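Q: Take this structure, written in structure tokens, and hold onto it; I'll ask about it next.
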Amino acid sequence: MNFDALFGDLAQHTVDGLSKGAIYALVALGYTLVYGVLRLINFAHSEIFMVGTFAILGTWSLLGVADNPPIGMAIVYLLIGLVVGALASGATALTVERVAYRRLRRMNAPPLIFLITAIGLSLVLVEIFALWMAGFFSGRGFTENRLVIGIPPLLKQETVLSVAGADITNVQIIMVVSALVMLYGLDQFINRTRYGRGVRAVAQSPDTAALMGVHQDRVIMLVFVLGGLMAGAAALLWNMRYGITKFDIGFVVGLKAFTAAVLGGIGNLRGALLGGLLLGVIEVYAATLTRSTWEDVAAFVVLVVVLIFRPTGLLGESLGKARA
């Protein structure tokens, strides 16, 4: 047995899994923030990610982006896509909170009603984009079931360095580093700023936070917007890596991001990052070992196992606690 080749393949699969998991981690942050404050699983968050992919695609189309532009223009287009995707997803998340969840909170609706509303919102957003795409692409040889829109590649994937037999590309570095930087920024915001203290206070005890003068509605709006911003950033990474979008693109990505949040400890920001990266690696390993598309099965098996043996996840819930 060639152990050098085996070790090199293992290293390559790990790198591929980490870059894939970076997307799951950023989307998982939205689930974690909302759950940490409201104890609500916002299943509409997957469609907030989907909106970001379309917003970036539309912006690049308006700008006339061509395949593999010069590196300077590519960076400009990526920054524009990041801003537009984050703003579009953030605005959508805020709209979801204002239109659907706020009234339910004021009516003291039971948790089951919130869950049903979240699922309903997810379906509504999917169908809105499905109808729009069906109308836009009617007569062009597409059907609703197989309509996938291609996105022009801005960066040609090139190997930048090799470590332990693994070839690491420029896109993979951007994806993993971006996820780490954004998680660090969000973590510092939550733990070091005045608004972050408000988020932690509401997460720990809403009634006590209200007595201390914390405006609960503003805090809830903030966490939805922050989650949306992270989903918009994930949409940019998705467009860079996979170069496609579809009206239901967020369904599986959202479920896997939720799995990542549970794996790391839903309500724990660092757990969302850990869970996303681990899930990406697990999926790539599963696909390699089975030589099939069993990666989805592996992801959801992980979810079931974690819920059975460690429901609080690897790092537990801690959004309401201060960190050193």
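Q: Which residues' amide hydrogens lie under 5 Å from the amide hydrogen of Asn268, considering only partners 5 or more residues apart or on another chain, with H built in the peptide plane?
A: Ser318
Q: In addition: Per residue of the chain, what 222 nm ellipticity follows from adding -39500 (n - 2.57) for every DSSP H run with n ≥ 4, rounded to the nearest 500?
A: That calculation yields -24500 deg cm²/dmol at 222 nm.
Q: Rounded to whole Hz and in sequence order, give me ³J(HN,Hα) for region 148-160 from the Karplus expression 6.51 cos²θ - 1.76 cosθ + 1.60, θ = phi - 60°, writing x for Gly and Pro.
A: Karplus values, whole Hz, x for Gly and Pro: 10, 9, x, 10, x, x, 8, 10, 6, 6, 10, 5, 9.
Q: Across region 176-185, in residue order, what do the Karplus-derived ³J(HN,Hα) couplings come to in whole Hz, using 6.51 cos²θ - 1.76 cosθ + 1.60 with θ = phi - 60° and x for Gly and Pro?
A: 5, 5, 4, 4, 5, 5, 5, 5, 4, x
Q: Hand me the tally of lysine pairs in the chain: alpha carbons under 23 angstrom apart, and the pair either on different chains or 8 or more positions apart.
A: Total qualifying Lys-Lys pairs in the chain comes to 5.
Q: Starting from the Cα-Cα distance between Asp207 and Val181, subtract it from 0.36 nm times their residue separation and give me the gain in nm to one decimal.
A: Contour length minus the Cα-Cα distance gives 6.0 nm.
Q: Okay, moving on. Which ³J(HN,Hα) values in Hz, rounded to whole numbers, follow from the phi angles of region 190-198 under the Karplus curve 6.51 cos²θ - 1.76 cosθ + 1.60, where θ = phi - 60° and Gly and Pro get x?
A: My calculation for region 190-198 gives 5, 9, 10, 10, 4, 5, x, 5, x Hz in order.
Q: Further, regarding this structure: Which whole-number value in Å² is the accessible area per residue of region 181-324, probe 1.4 Å?
A: 46 Å²
Q: Separate question: Using only alpha carbons, build the gyration tensor for the chain and give me the equivalent ellipsoid semi-axes, biggest first, whole Å.
A: 31, 25, 20
Q: Let me ask another. Could you compute how much accessible surface Arg192 exposes when probed at 1.4 Å, giving the result in Å² to the nearest 10?
A: 130 Å²
Q: Counting only other residues whose beta carbon sits under 15 Å from that of Met240, what net charge do I get with K and R as +1, D and E as -1?
A: Result for the local shell: 0.
Q: Accessible area, 1.4 Å probe, largest first: how do Leu269, Leu87 sort?
A: Leu87, Leu269
Q: Related question: Taking the simple approach of a point 7 Å from Cα along Cα-to-Cβ for both Gln188 and Trp132, what is their distance in nm?
A: Using points 7 Å along Cα→Cβ, the separation is 3.5 nm.
Q: Only four residue types carry charge here, +1 at the Cβ of Lys and Arg and -1 at the Cβ of Asp and Glu. Report the dipole size of the chain about the Cα centre in Debye, rounded to the nearest 20.
A: Using Cβ point charges on Lys, Arg, Asp and Glu, the chain gives about 1160 debye.
Q: Students sometimes get this wrong: rank Arg103, Arg270 by accessible area, probe 1.4 Å, all chains present, largest first.
A: Greatest to least solvent exposure: Arg103, Arg270.
Q: On the protein heavy atoms, probe 1.4 angstrom, tell me the percent of accessible surface of the chain carried by carbon and sulfur.
A: Solvent-exposed carbon and sulfur of the chain make up 67 percent of the total.
Q: Tell me which residues come under 5 Å, amide H to amide H, from Ile244 once H is placed; ignore anything under 5 positions away on its chain.
A: Amide H neighbours of Ile244: Ile151.
Q: Here's another thing I want to ask about it. Net charge within 10 Å of Lys20 by Cβ-Cβ distance, Lys/Arg positive one each and Asp/Glu negative one each, not counting Lys20 itself?
A: It works out to a net charge of -1.
Q: Let me ask you something else. How much length would be gained if the chain were fully extended between Gln157 and Leu87, taking 0.36 nm per residue of separation minus their Cα-Cα distance, in nm to one decimal?
A: 22.5 nm
Q: State in Å² the accessible area per residue of region 63-105; use a 1.4 Å probe, count heavy atoms of protein chains only, and round to the nearest integer.
A: 51 Å²
Q: I've got another one for you. Expected output is a single nm value to one decimal: the length gained when fully extending between Val252 and Asn170, i.e. 0.36 nm times separation in residues minus the C-alpha distance. What is it?
A: Taking Val252 through Asn170 to full extension adds about 26.9 nm, to one decimal.
Q: Using the C-alpha atoms of region 3-124, what convex hull volume per residue, in cubic angstrom, is computed?
A: Measuring per residue, one finds 156 Å³ for the Cα hull of region 3-124.
Q: On a 1.4 Å probe surface of the protein chains, which of His45, His215 comes out largest in accessible area, and what is the full order?
A: Solvent-accessible surface, decreasing: His215, His45.
Q: Another question, if that's okay. Could you work out the relative contact order of the chain, using alpha carbon pairs under 8 angstrom and six or more residues apart, expressed as a whole percent?
A: Taking the mean separation of contacting Cα pairs over the length of the chain, I get 37 percent.
The values are calculated or read from the model by the stated rules, or taken from the named source; none is laboratory data. Because the structure is a prediction, the values reported are computed rather than measured. Ideal geometry is used to build each Cβ from the backbone, glycine not excepted, and the neighbour counts take in all protein chains shown. These accessible areas exclude ligands, DNA and RNA; they are computed on the full protein's heavy atoms, side chains included. Shrake-Rupley method; radii C 1.70, N 1.55, O 1.52, S 1.80 Å.
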